[in-house]
Amino acid sequence: MADTRVRETFGTEELACCLSHYDLGVVFSIKEFARGSRRAPKIIIECEKGRFLFKRRNKGVEEAKKVAFTHQIQLRLAEQNFPLPHLLGTRGENNSMLVLHDRIYEMQEYIVGSIYDGSPAATEQGGHALGLYHKLLTDFESDFEPVTASYHNAKAIHQSIQKTAVTLQPQIEQNPQLQQTIEFLQNSYYHCAEAVNNLGLRDWPTQIVHGDWHPGNMLFRDHLVVAVIDYDTARLQQRIIDLANGALQFSIVGGGEDPSQWPEYLDMNRFRRFLEGYDAVNVITTDELRATPFLMCEAMIAEAAIPIAQTGAFGRFDGGAFLTMIQRKVQWIFDHAKELVGIMTDEVLGQNQFVAAAESVEPPDDEEAMEE
């Protein structure tokens, strides 16, 4: 079915007024940039000063506070040469955020780069960039109170997993095994959350994290990260929440149009290289290593459950088939948790005393997960 939703655009007078607040020199061309939210129009501007991406955001005072917070993060990172699109300030006041008629605008560099190619070198750079991001923001403070929720042990996720049984009821009637899949995922999510909490997550320090670290939020050139984008998901969490999700996103293996044909395994080489890149700049602790497989399972389940509970589908994929695929991948991580931690300890940290971390991981089998 074709997507008939209308993408918002800039009005001629609106755009002329906005651009008058920036020192761009002669403007050579303006082209629509039809990506991202349809409610946030974007254009690419070619001008004497270079190439820029101009964007309108949502309205409201709270949105302005949030944008100011994300801009503080971007400016802090830019000062320390982190790879990201630099914000262009307004003429005179040099404000990174333009507010006109209760609307919020921002202008930033347009950086040319390629998408993630799945290579070991690019994967390692993806981990290195996350390690640097966390390191540079370790002591970052702001008056804004950021979101603290995540995919870990969230009430909304528990509820979404339960709701999938209602949304997918017609499929369950045709395939009763799907009910067992949902129960497996529900119990696995609970088990993984408990395992991470038992490692002491609540006592670990929190800091500003990215919140959505995946290859699609990066641009590459010659396997190097030239820009990290999308800072709207920044929040206050333990860094391992970010790291585990990043390790998953860079090592998960997809497939074609049929999720039942997707392999259940992770790409172990990419998993290792991502963590090597991170650890090279920001050392991973023993308990963080032990928590990673469980958090990866939580992240997978959460990402699948929310949209399927709402619509019965995951994008273009059938919801029941997608959940069954997630079950296979979660089970694979349970079966290979010791191996995953072993890769991190033996090859990433290279210290024999951390081998005990791998040996202490006792993932549940199907029956144990179902009984919790």
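Values in this text are rule-based calculations from the coordinates and carry no lab data. Because the structure is predicted, anything quoted here is derived from the model rather than measured. All Cβ positions, glycine included, derive from the backbone under ideal geometry; neighbour counts span all protein chains shown.
Please compute the length gained on full extension between residue 206 and residue 154, using 0.36 nm multiplied by the number of residues separating them and subtracting their Cα-Cα distance.
Result for the pair: 17.0 nm of gain on full extension.
In this Cβ point-charge picture (+1 for Lys and Arg, -1 for Asp and Glu), the chain has a dipole of about 1540 debye about its Cα centre. Taking the longest Cα principal axis of the chain as reference, the axis of helix 319-335 is set at about 60 degrees.
Amide H contacts under 5 Å for residue 95: 90, restricted to partners 5 or more places along the chain or on a different chain, H placed in the peptide plane at 1.01 Å from N.
Subtract the Cα-Cα distance of residue 94 and residue 109 from 0.36 nm times their separation in residues, and report this length gain in nm to one decimal. Write out the running numbers ahead of the final one.
Working: separation 15, 0.36 × 15 = 5.40 nm, distance 1.50 nm.
Here the answer is 3.9 nm.
Compared with the dominant principal axis of the Cα atoms in the chain, helix 61-79 is inclined by about 90°.
Residue 338 to residue 51: extension gain in nm, 0.36 nm per residue of separation minus the Cα-Cα distance?
Details: separation 287, 0.36 × 287 = 103.32 nm, distance 4.83 nm.
Result for the pair: 98.5 nm of gain on full extension.
Projecting the Cα atoms of 101, 21, 69 onto the dipole axis of segment 12-109, where Lys and Arg carry +1 and Asp and Glu carry -1 at the beta carbon, places 69 farthest toward the positive end.
Highest GNM mean-square fluctuation, the chain, Cα pairs closer than 10 Å: which of 209, 283, 26? Of the options given, 26 has the highest mean-square fluctuation.
Got a sec? How would 202, 56 order by Cβ neighbour count within 10 Å, fewest to most?
Numbers: 202 10, 56 22.
In order of increasing Cβ crowding within 10 Å: 202, 56.
Packing around the peptides 160-172, 128-140, taken as the average count of other Cβ atoms within 10 Å per residue, puts them in this order, highest first: 128-140, 160-172.
Ordering 113, 185, 330 by Cα displacement along the dipole of the chain toward the positive end leaves 113 in first place; charges were set at the Cβ atoms of Lys, Arg (+1) and Asp, Glu (-1).
In straight-distance terms, cross-link reach from residue 42 covers every one of the lysines whose alpha-carbon lies under 26 Å from its own, apart from those fewer than eight places away in the same chain; here that gives 31, 55, 59, 65, 66.
So if R0 is 25 Å, what FRET efficiency would residue 264 and residue 117 give, r being the distance between their Cβ atoms, rounded to the nearest 0.05? Kindly include the intermediate steps, with their values, before the conclusion.
Numbers: r = 23 Å, r/R0 = 0.93.
Once rounded, the FRET efficiency stands at 0.60.
Among the listed options [x] 53, 25, 18; [y] 37, 31, 18; [z] 38, 26, 19, the one matching semi-axes √(5λ) of the Cα gyration tensor in Å as calculated from these coordinates is [z].
If only the Cβ of Lys and Arg carry +1 and only the Cβ of Asp and Glu carry -1, the dipole of segment 12-109 around its Cα centre is close to 420 debye.
Using θ = phi - 60° in the Karplus curve 6.51 cos²θ - 1.76 cosθ + 1.60, the 3J(HN,Hα) couplings for segment 87-102 round to 7, 9, x, 6, 5, x, 7, 6, 8, 6, 10, 9, 10, 9, 6, 6 Hz; x is entered for Gly and Pro.
Remark: relative contact order (the chain) = 17 percent; criterion is Cα-Cα distance under 8 angstrom and separation of 6 or more residues. In the chain, the longest principal axis of the Cα atoms and the axis of helix 120-136 are about 70 degrees apart.
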